[in-house]
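Q: Okay, here's the structure, questions in a sec.
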Ligand code: HEM
């Protein structure tokens, strides 16, 4: 593994982060514990800003988060610890699935 590369690059860049965000909110919006929180949200905006947030956090130097203040956005949503934990579970599962399949794909293409 090349440690000089950012997590963003190692994960697969723009396309993979888009995929991650799409799959993540697909799970979140089907989750009975979480979906009600998003009923009034503009989901195309949330997806777009979350993608920018993740890209920046994962080390993409060309992207800056341009969304709302995150404390302000969430402060009146009354998010419980259980909801926060479930949100993280979805994210972790998808990130793991994608990294595993990405690594497996790279192994297969290298061996040919
Ligand atoms: C580390 C955890 C989290 C991060 C980094 C995060 C990040 C974000 C971002 C970037 C936005 C878009 C802001 C914008 O529109 O400019 C957003 C909106 C939102 N988030 Fe989160 N979020 C997190 C956890 C959660 C959790 C646990 C819930 C609920 C279960 C939640 C519910 C929402 C909702 C409902 C909106 C839309 C609010 C609105 O449009 O008024 N978020 N979040």
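The values are calculated or read from the model by the stated rules, or taken from the named source; none is laboratory data. Since this is a predicted model, take the numbers as computed values, not measurements. Heads up, the Cβs are rebuilt from the backbone with ideal geometry, glycines too, and the neighbour counts pull from every protein chain shown.
Q: When residue 48 is evaluated against the numbered criteria (1) without any contact (Cβ under 8 Å) to a residue 24 or more places away in the chain; (2) at positive phi, which criterion, by number, is the only one it fails?
A: Here residue 48 meets the rest and fails (2).
Q: Looking only at region 62-90, which residues are near the ligand (Cβ under 8 Å from one of its atoms), under 25 Å from residue 10 (Cα atoms) and assigned to a helix (DSSP H, G or I)?
A: 87, 88
Q: Is it fair to say residue 27 is touching a helix residue (DSSP H, G or I) at 6+ places or on another chain (Cβ under 8 Å) and near the ligand (Cβ under 10 Å from one of its atoms)?
A: no
Q: Quick check on region 34-54. Is at least one of its residues at pLDDT below 95, outside any helix (DSSP H, G or I) and in contact with a helix residue (DSSP H, G or I) (Cβ under 7 Å, 6 or more places away or on another chain)?
A: The answer is no; no qualifying residue exists.
Q: So residue 59 ticks every box in (1) out of contact with any helix residue (DSSP H, G or I) (no Cβ under 8 Å at 6 or more places or on another chain); (2) part of a loop (DSSP other than H, G, I, E, B); (3) more than 7 Å from the ligand (Cβ to nearest atom) but one. Which box is left unticked?
A: Condition not satisfied by residue 59: (1).
Q: Only residues that are more than 10 Å from the ligand (Cβ to nearest atom) and either within 21 Å of residue 30 (Cα to Cα) or surrounded by 13 or more Cβ atoms within 10 Å (Cβ to Cβ) (or both): list them for region 91-109, please.
A: 92, 93, 94, 95, 96, 97, 98, 99, 102
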